[in-house]
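**Q** Supplied in structure tokens, the structure appears directly below.
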Amino acid sequence: MADGDREALAELYDRHAAALFRHGLALAGSSADAEDLVQGVFVKLAGFGVRLLGIRCAGAYMHRMLRTAFLEGVRHRGVAAEVPLDTLDVAAGTGAEEADRLALETALGGLPAEQREVIVLHSVQGLTFREIAGMTGVSMWTIASRYRLGLERLRGMLGTR
């Protein structure tokens with residue numbers, strides 16, 4: 001990609017766009033905003049050229065770009081939205097399953113953004129605490145703490161202590 005090969009950009013998109021979208025959705029709370037964040041990441045990547053040679057882990061770097069873009073947008077707007085779980089690959093069922101899904105969606109939306117982000121990245125996307133720490137610039141121990149505290153809050157909200 002550093003040589004301008006557009007196929008390399010397409011390959012990066014194919015590998016990482018879905019995970020970036022889920023991360024953007026966890027942060028922004030809307031599909032449209034998540035799509036805009038992902039689009040912004042790839043537009044920036046397309047213009048990087050030779051600067052890409054110093055990047056060791058493309059996935060983590062792109063997640064960090066997405067998070068930075070989101071935080072910059074929040075600073076400009078001053079707001080952050082809730083996350084709809086129906087677009088996070090959480091299976092929607094009927095009856096009791098649907099009620100459980102809605103309760104989880106409501107509870108997850110009630111978490112602080114930092115805890116919600118870590119829970120989605122770890123539980124939904126399967127990233128390790130070390131990977132999340134690398135893409136957020138926060139220590140691995142802080143990530144683990146946010147995850148633990150977020151789960152405790154979820155259990156309390158859902159009555160599953």
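Every number here is computed from the coordinates shown, using simple stated rules; none is lab data. What you see is a predicted model, and the numbers here were worked out from it, not measured in a lab.
**Q** Across segment 63-69, in residue order, what do the Karplus-derived ³J(HN,Hα) couplings come to in whole Hz, using 6.51 cos²θ - 1.76 cosθ + 1.60 with θ = phi - 60° and x for Gly and Pro?
**A** Along segment 63-69, the couplings run 5, 5, 4, 4, 5, 4, 4 Hz.
**Q** Next question. Please pull out the direction-averaged projected area of segment 93-161, using the convex hull of its alpha-carbon atoms, in nm² to one decimal place. Walk me through the numbers before you get to the answer.
**A** Working: hull surface 18.8 nm².
Approximately 4.7 nm², given one-decimal rounding.
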